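Written below as structure tokens is the structure these notes are about.
The values are calculated or read from the model by the stated rules, or taken from the named source; none is laboratory data. Given the structure is predicted, the values throughout are model-derived calculations rather than measurements. All Cβ positions, glycine included, derive from the backbone under ideal geometry; neighbour counts span all protein chains shown. What goes into the accessible areas is simple: the full protein's heavy atoms, side chains included, and nothing from ligands, DNA or RNA. Shrake-Rupley method; radii C 1.70, N 1.55, O 1.52, S 1.80 Å.
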Amino acid sequence: MKGARILVVEDEAALAEVVIDNLEQEGYQVELATDGLKAMETWRCNEPDLIILDVMLPRLDGFELCRTMRRKGLETPVLFLSARGRAEDRVEGLRAGGDDYLPKPFHLPEFLLRIENLLRRRGWRQDATEETFAFGGHRIDFRSWTVHVSDGRRMPLGERELGILRLFISRPDEVVSRDDVLDEVWGDDVFPSSRTVDNFVMRLRKIFEPDPSEPIYFHTVWGVGYRFTPEGAEPPR
Ligand code: CA
């Protein structure tokens, strides 16, 4: 996600400088807004890929700004960065439509990783805006959370199953590690075991594979994870 455009909303000049320097070193394009109203303007006009939003700001505070933009339907990922680090503040930020919340002072590597995660998920959402995907005679419908199986049956799919399918579809023929699946489908907040991923993939095989014990679409890459081949391929011998 290098080259992603990030809007930094921060009224403390010294902190803004540190944040911007570090983001630019990572290859991001950065814009600064120093109060809430300017931030609103830039957010609307330039549609950045991600917003780093301070809470206590002149003219319009970060929570209010975020609520307003979400009401208008803007879905840009928001990372709150605030000196207000109590649990109630973090909850308020997430309720206001923030995607993540990091109290100041923050640990730089953590800050950069959180940004990467948010951008990656956004990319994944955007790649997966196709509403249906067909392979092997099956058709997945992401709007109705169902699959029309090749034998004519229609079956429901769960949120995690759809998430895993979206991830695999976005990376056809690539090795996708269990950790990638956990990161992208489960996120930071829950920690299922990698065994959980295996169980979900087993369920997908039962739905999609002609013979679940000899998969041709959802291959296991031993010790790492999976490879999805929409064209179908013989399992490696
Ligand atoms: Ca501030």
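Of the conditions (1) under 18 Å from Phe133 (Cβ atoms); (2) free of Cβ contacts under 8 Å to residues at least 40 places away in the same chain, Phe218 fails just one. Which one is it? Evaluating Phe218 over (1) under 18 Å from Phe133 (Cβ atoms); (2) free of Cβ contacts under 8 Å to residues at least 40 places away in the same chain leaves (2) as the failure. Here the condition is being closer than 23 Å to Glu116 by Cα, within 13 Å of the ligand (Cβ to nearest atom), assigned by TED's automatic domain parsing to the domain that holds Asp100 and open to solvent by 10 Å² or more (accessible area, probe 1.4 Å); of Ala83, Ala39, it holds for Ala83 alone. Checked against (1) open to solvent by 30 Å² or more (accessible area, probe 1.4 Å); (2) touching an Asp or Glu at 6+ places or on another chain (Cβ under 8 Å); (3) not acidic (Asp, Glu), Leu118 passes all but condition (1).
Exactly one residue among Asp211, Asp198, Asp179 is closer than 27 Å to Asp99 by Cβ, surrounded by fewer than 16 Cβ atoms within 10 Å (Cβ to Cβ) and either out of contact with any Pro (no Cβ under 9 Å at 6 or more places or on another chain) or not acidic (Asp, Glu) (or both), and that residue is Asp179.
Of all residues in segment 93-104, exactly one satisfies the criterion of being surrounded by fewer than 18 Cβ atoms within 10 Å (Cβ to Cβ), without any contact (Cβ under 8 Å) to a residue 60 or more places away in the chain and touching a Leu at 6+ places or on another chain (Cβ under 9 Å), namely Pro103. Within segment 66-80, if we keep just the residues that are in a loop (DSSP other than H, G, I, E, B) and at negative phi, the residue that is most open to solvent (accessible area, probe 1.4 Å) turns out to be Glu75. For segment 47-60, filtered to residues that are within 9 Å of the ligand (Cβ to nearest atom) and not aliphatic (A, V, I, L, M), the residue that is surrounded by the fewest Cβ atoms within 10 Å (Cβ to Cβ) is Pro58. Taking the criterion of being surrounded by 15 or more Cβ atoms within 10 Å (Cβ to Cβ), part of a strand (DSSP E or B) and either at pLDDT below 95 or aliphatic (A, V, I, L, M) (or both), the residues of segment 27-36 that qualify are Val30, Leu32, Ala33. For Glu88, state whether it is part of a helix (DSSP H, G or I), modelled with pLDDT of 90 or more, more than 16 Å from the ligand (Cβ to nearest atom) and farther than 15 Å from Leu118 by Cα. It is true that Glu88 is part of a helix (DSSP H, G or I), modelled with pLDDT of 90 or more, more than 16 Å from the ligand (Cβ to nearest atom) and farther than 15 Å from Leu118 by Cα.
Keeping to segment 1-26, report how many residues are more than 13 Å from the ligand (Cβ to nearest atom) and in a helix (DSSP H, G or I). Reasoning before the result, please.
So the first thing to find is which residues in segment 1-26 are more than 13 Å from the ligand (Cβ to nearest atom), and the list is 1-7, 17-18, 20-26.
Next, from what is left, pick out any that are in a helix (DSSP H, G or I): 17-18, 20-25.
Adding up the residues that qualify gives 8.
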